[in-house]
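Novice: Here's a structure for you.
The values are calculated or read from the model by the stated rules, or taken from the named source; none is laboratory data. Since we're looking at a predicted model, the values are computed, not measured. We place every Cβ from the backbone using ideal geometry, glycine too, and count neighbours over all the protein chains shown. Just the protein is used for accessible areas: all its heavy atoms, side chains included, with ligands, DNA and RNA removed. Shrake-Rupley method; radii C 1.70, N 1.55, O 1.52, S 1.80 Å.
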Amino acid sequence: MMTTVGFAQSNSFLLFLRSQSIEKNKASRAKWVTSSSSSSHLRASSVSPSSTEAFHRTDYGQAIANDGMNEESRKKKKRVFFLDVSPLCYEGNKPSSQAFGHWLSLFFSQVSLTDPVIAVLDGEEGNKLRRELLPSYKAHRKSPNPGKYSKRPHQFVEEVLRKCNVPVAGLMDKVVRIQGHEADDVVATLMEQAVQRGHRAVIASPDKDFKQLISENVQIVIPLADLRRWSFYTLKHYHAQYNCDPQSDLSFRCIMGDEVDGVPGIQHVVPAFGRKTAMKLVRKHGSLESLLSAAAVRTVGRPYAQEALTKYADYLRRNYQVLALKRDVKVQIEEQWLVERDTSNDSEVLSSFFSTLHG
């Protein structure tokens with residue numbers, strides 16, 4: 001079953017805030033889940049209860065046994081939302097302040113409510129290290145357009161978020177972003193810190209890269225542009241859709257590449273190496289590194305696959321370095337970021353935001 005959150009237009013959102021109380025929102029809160037129609041790298045297939053129990057948590061591609069955590073104990077854990085801001089500033093491939101305002105208004109009013117929200121933005125030269133490894137990485141991306149704002153895009157975004165009582169990770173005296181790091185890596189780092197403190201993490205982003213982080217305590221909530229709504233996506237839904245472990249999906253993408261991010265797959269150098277071969281090998285060996293280690297000492301597939309895995313092992317490991325999210329960014333989650341969000345300014349701040357856009 002899929003339950004999704006409808007898209008709020010600016011005027012209707014303001015009416016909603018004026019007419020509904022936060023308590024009513026809490027009472028009507030449901031679990032939103034999806035069988036997401038976003039880009040899939042693996043074929044969907046059904047999963048038996050016994051097969052899903054084998055993949056409760058992962059650690060760099062290795063399945064870890066179920067730790068006995070039940071649904072009720074997970075529910076008792078406090079949710080912390082991590083808002084990946086930059087993708088929300090686009091409508092399709094076009095930079096859009098209007099899109100940011102719409103997605104943010106819906107996120108506050110029907111998704112996060114009063115739960116803590118930590119916003120993360122890309123840092124200056126955030127792509128630098130990955131582009132040194134692979135010059136084509138995200139080479140086509142454009143910066144958001146501030147529209148009618150005279151300030152730089154990140155400045156007006158930061159202003160709106162701060163007025164809505166959302167801390168922006170890495171901000172010290174209004175230094176907006178963590179230099180040299182992409183938002184994805186900052187989110188991965190802070191998410192792990194939140195989970196270690198006993199919280200559940202929810203990453204709000206359309207970026208498929210975050211699927212590699214899904215676990216018992218980490219979910220994603222995705223803005224579905226075509227359906228104009230947010231939708232929750234969990235480990236249970238991942239297993240049902242892909243019938244494998246999230247780290248297996250990362251390994252699969254390292255082999256097949258990621259066209260959107262400008263990461264070429266092995267088929268660019270070995271055309272015969274297709275999706276079926278890649279998926280079969282990844283499912284059997286569990287992770288890219290396990291597969292490459294096995295191929296180095298014995299035959300793991302047909303001659304063309306065996307040769308490709310040995311000859312282009314460095315090529316594939318480079319892809320892994322580019323696509324795997326880092327969890328070692330020098331940023332620490334702060335206790336004040338984990339308190340219930342004060343929503344009292346939302347209506348006024350977002351009303352002013354939309355008035356400026358349409359003024």
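Novice: Step by step: first the residues of the range 280-289, then only those that are touching a residue at least 60 places away in the same chain (Cβ under 8 Å) and surrounded by 21 or more Cβ atoms within 10 Å (Cβ to Cβ), then the one that is nearest to Ala139 (Cα to Cα). Which residue is that? First the steps, then the outcome.
Specialist: Just the residues of the range 280-289 that are touching a residue at least 60 places away in the same chain (Cβ under 8 Å), to begin with: 286-289.
If we keep only those that are surrounded by 21 or more Cβ atoms within 10 Å (Cβ to Cβ) as well, we get 287-288.
On the way: Ser287: 27, Leu288: 25 Å.
Among them, the one singled out is Leu288.
Novice: Quick one: how many residues across the range 276-289 are more than 15 Å from Met256 (Cα to Cα) and assigned to a loop (DSSP other than H, G, I, E, B)?
Specialist: 1
Novice: Which of the residues that make up the range 242-275 are open to solvent by 10 Å² or more (accessible area, probe 1.4 Å), assigned to a loop (DSSP other than H, G, I, E, B) and over 12 Å from Lys208 (Cβ atoms)?
Specialist: Asn243, Gly262, Val269, Val270, Pro271, Ala272, Gly274, listed by residue number.
Novice: Please work out if Asp314 is touching a residue at least 40 places away in the same chain (Cβ under 8 Å) and charged (D, E, K, R).
Specialist: Criteria not met by Asp314.
Novice: So, in the range 96-134, exactly how many residues are in a helix (DSSP H, G or I) and either open to solvent by 10 Å² or more (accessible area, probe 1.4 Å) or in contact with a Phe, Trp or Tyr (Cβ under 8 Å, 6 or more places away or on another chain) (or both)? Break it down into steps so the answer makes sense when it comes.
Specialist: First, the residues of the range 96-134 that are in a helix (DSSP H, G or I): 97-112, 128-133.
Checking the rest, the ones that are also either open to solvent by 10 Å² or more (accessible area, probe 1.4 Å) or in contact with a Phe, Trp or Tyr (Cβ under 8 Å, 6 or more places away or on another chain) (or both) come to 97-99, 101-103, 105-107, 109-112, 128-133.
Count: 19.
Novice: Within the bounds of the range 265-286, is there any residue that is within 24 Å of Asn127 (Cα to Cα) and not β-branched (Val, Ile, Thr)?
Specialist: Within the range 265-286 (the criterion being within 24 Å of Asn127 (Cα to Cα) and not β-branched (Val, Ile, Thr)), the answer is yes, since at least one residue qualifies.
Novice: Working only within the range 185-210, note down all residues that are open to solvent by 10 Å² or more (accessible area, probe 1.4 Å) and of a type in the set (D, E, K, R).
Specialist: Across the range 185-210, the qualifying residues are Glu192, Arg197, Arg200, Asp207, Lys208.
Novice: Only one of Val300, Val282, Val270 is under 26 Å from Asn243 (Cβ atoms), of a type in the set (Val, Ile, Thr) and more than 31 Å from the chain's Cα centre (by Cα); which?
Specialist: Of the residues listed, the single one that is under 26 Å from Asn243 (Cβ atoms), of a type in the set (Val, Ile, Thr) and more than 31 Å from the chain's Cα centre (by Cα) is Val300.
Novice: Of all the residues that make up the range 226-263, how many are in contact with an Asp or Glu (Cβ under 9 Å, 6 or more places away or on another chain) and closer than 20 Å to Leu121 by Cα?
Specialist: 1
Novice: Just checking, how many residues over the range 211-234 are open to solvent by less than 30 Å² (accessible area, probe 1.4 Å) and either closer than 24 Å to Glu91 by Cα or over 13 Å from the mean Cα position of the chain (by Cα) (or both)?
Specialist: The qualifying residues number 12.
Novice: Just to be sure before I move on: is Glu259 acidic (Asp, Glu), out of contact with any His (no Cβ under 7 Å at 6 or more places or on another chain) and modelled with pLDDT of 95 or more in the structure I sent?
Specialist: Values: acidic (Asp, Glu): yes; out of contact with any His (no Cβ under 7 Å at 6 or more places or on another chain): yes; modelled with pLDDT of 95 or more: no.
Considered against the rule, which asks whether it is acidic (Asp, Glu), out of contact with any His (no Cβ under 7 Å at 6 or more places or on another chain) and modelled with pLDDT of 95 or more, Glu259 comes out as no.
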